[in-house]
Structures are given as structure tokens and as C-alpha cells.
Amino acid sequence: MTWLDLPEGTGFGLANLPFGVFSRGGAPERRAGVAVGEHVLDLSAAAEQAAAPFAQLLTAGVLNPLLAAGPATWHDVREQVHEWLTEERYADQVRPHLVPLAEITNHLPIEVADYVDFYSSEQHAINAGKILRGPDDELAPNWKHLPIGYHGRAGTVVVSGTPIVRPAGQRKPRSAAEPSFGPSQRLDVEAEVGFVVGTPSTLGTPVPVEDFAKHVFGVCLVNDWSARDIQGWEAQPLGPFLAKSFATSMAPWIVPLAALDHARVPQPVQDPEPFEYLRTTEPWGLDLALEIRVNGHLVSSPPFATHYWTAPQQLAHLTVNGASLRTGDLFASGTVTGPEKNQRGSLLELSWGGREPFALGAGETRTFLEDGDEVVISATAPGPAGSRIGFGEVRGRVVPR
């Protein structure tokens, strides 16, 4: 029950309450907010007016102070917001702080400390191997023993809607005798699920899988843009560098872990059994349904529930060598790909390495992205009583250099 007039079927209902940062009109001040229905609650203003004990955590223009406060505070803030929006006695007090989503500008919700990208979809790894190395390629011998990942560039994580300038670099097609330099001709997307760290950890002390929820605040959508031609030439033998570091788009809304209880499912069976530090007893697979659109045309619907390695396992592996967590760390799942052709989470897979153009409607086809193309990734998850939890969108339009 709520005194709000929420649209039927909204993904931003009271069971969700995702957090973000926004500004309004031409005002430079950035505010902490919570999306609800077709509005955002100006949480900074509401907390200040109510003299809430957490009000000072919402004045930085990013969510990092709130994230650093830890799970008990996250719970208290969420409960207070829910109370404000459901109890009629708060209606007159809170209503002035509701701003239509259509009137706001979203900003990067966190100051990103470190960024790590994983490679944890078995089907994506199988597809990529066959595309790049041939139909007989098999998973690398280490793949089912550890969550493979790489450290990315935190400074180029950008909020949804930021234009993506086509990157340049060295590339060498197989048919060429020598490398050349220029704009990427095989610009790609990677539909991913991101996890935002709130509570830091101590250098030298690993974070066990069972402590995942003590450190991770919430979940967001990520597009880890990729220049496949640059990547193919530079990743010999080391991993992604310039092919990934030019931009990673992050959705403006972070869905709290507390909103995803109904989305939790068992992960796929892991064989061989992981090392002890990666073994889990709680179901931390997440039943997220993603959609990828290029210029408004739905090209893929990847399911996240098929992901082989879960976020708690990724976090445990990330820290098992003693690496510490910092507030604002972002780690991403890796490309989300399902077993069906229409569930592939990258254009590399959808076009099978550029050999099979896919349709965009109206007679258009693509293999990789052209200048002017806009990519939008969205997702929902099961909520209580048949509702859906929305993650908003992460979008970006390719612009020429």
C-alpha cells in the first residue's frame, strides 16, 4: 500500500527502490535519489528536512559515503524510505521532494574506485573460442577452476547516455601482412551485470563467499564496450588493454541486494567442484532477463541465471590473494550469453565474428557497430507477488572520432 499513484507494472515499485544521483534543470548540484514509479525521490532533501540520522551521508554528490556506512545503515535508509512512501502521514512532507524522471539528468552514482571485469559465462567463452580459434576449440583448462577476469580502467566508467567516441588503435586482420593504425572497425558491446562494493576490506585479508552481502551494496547494468580488432592484435599474450579501456557504461540506478530476494536461484552445476574458497552454500545465481536493442530493434535477450560463476565467487577470487576492496569498487559479470542464438550478449557472437550479419529491421543489417548506432541494454528480475524489479537502462550512442 502507498499514497503514491504508481503506474501499473512499474519496475520501480516499492519492492525495488534503486539508488542513484541526479540533478534537475540547469542546477549544478547533484542529489542522491531513489527511483519510484515515474519519479525520483530527492533523498538528500527529504533526509535533511526530516533531520534523518543518515542525512550527512547524502551530501557528497555521489553515493560513496552511504555505501561506506555498511549494511546496517543501508537497511535503515531503505526502511525509512519505504515508510515515507507508504504511510499517509508523511505524504505532505515527502510529496514536494518527488521529481518526475523526465525532468532529471542522471549522473554516475558512485566515484568508481577500481573496476574489474570477469569472463564467467560458459556459453560466451565457448562461442568466443570457436569464433576466434575454430570450431574445435575447447574451454581453456583453467576456465572451470577459477573466475577469469582482468583489471579495467575506473576513470573511463561513464554513466548511461554518455556518447561513446569510436576508439582508435593498432589492428591487424589475418589477411594483412602488417598492422595498421586507425579507428576500430569492429566496435562491439558486452551486456553485463555489475556489482557495487560498499564496505571496504583490509589489505591482506581475503573476503570469503559468505561475506558477500556484508560488502556489496547492489547491482546495476553494465555495457563493457569492446574494440574487437584492436583486442585481437594487442591480446598476444596478455589480456584486454586499449580495446576495453576507452569506455565502460554504467546504468544510473543501483538496485539494492535487499530487493533481489525473489530473483535468487541456484547457479549451474559446477564440475569439477571448486576449491574450498569458492564453494557456496547459498543460492546466488540471479534470474535477470536482459534485453539488447540496437537502434530500437531487439537483437538479443540474454538470461543471467545461466552464468557459471556467481558474484560471491567472483568477489572471493578477486580478494583471495589479499587484494583489498574499496568503497566504490565495481566488478562486472562478463558478457551474459545463453544457450540460444537469440541470447548472445555481444555482436561478436550475434554476427559470428562478422561472418553472419544480423537483422535490424527495415532491411538493415549489422555485424559490428556503425557511427550513429545507439545501444540500449535493459533488464528485469522477479519481485514479490508476481511483480518485476526493473534495472532501468544503460545506453550509449557511437560517435565518430
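The values are calculated or read from the model by the stated rules, or taken from the named source; none is laboratory data. All figures in this text were calculated on a predicted structure; none of them were measured in a lab. Positions of Cβ are generated from backbone atoms using ideal geometry, with glycine treated the same way; all protein chains shown enter the neighbour counts. Just the protein is used for accessible areas: all its heavy atoms, side chains included, with ligands, DNA and RNA removed. Shrake-Rupley method; radii C 1.70, N 1.55, O 1.52, S 1.80 Å.
What the table below lists for this structure:
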| quantity | calculated |
| --- | --- |
| Residue in segment 80-96 that is free of Cβ contacts under 8 Å to residues at least 40 places away in the same chain and surrounded by 23 or more Cβ atoms within 10 Å (Cβ to Cβ) present | no |
| Residues satisfying the stated conditions in segment 196-226, i.e. closer than 30 Å to residue 186 by Cβ and among the polar types (S, T, N, Q) | 223, 226 |
| Hits in segment 324-350 (condition: more than 17 Å from residue 303 (Cα to Cα), touching a Gly at 6+ places or on another chain (Cβ under 7 Å) and either polar (S, T, N, Q) or open to solvent by 10 Å² or more (accessible area, probe 1.4 Å) (or both)) | 327 |
| Strands (runs of 3 or more DSSP E) contained in segment 302-375 and holding at least 1 residues more than 27 Å from residue 167 (Cβ to Cβ) | 358-361 |
| Per-region count, segment 129-151, residues touching a Phe, Trp or Tyr at 6+ places or on another chain (Cβ under 7 Å), under 18 Å from residue 227 (Cα atoms) and either open to solvent by less than 30 Å² (accessible area, probe 1.4 Å) or part of a helix (DSSP H, G or I) (or both) | 1 |
| Single residue of 292, 230 found to be crowded, with 21+ Cβ neighbours inside 10 Å, assigned to a helix (DSSP H, G or I) and either out of contact with any Gly (no Cβ under 8 Å at 6 or more places or on another chain) or at pLDDT 95 or above (or both) | 230 |
| Number of the exception - residue 246 against (1) within 30 Å of residue 382 (Cβ to Cβ); (2) modelled with pLDDT of 95 or more; (3) open to solvent by 10 Å² or more (accessible area, probe 1.4 Å); (4) in contact with a helix residue (DSSP H, G or I) (Cβ under 9 Å, 6 or more places away or on another chain) | (1) |
| All positions within segment 25-43 that are under 24 Å from the mean Cα position of the chain (by Cα) and farther than 14 Å from residue 85 by Cα | 30, 31, 32 |
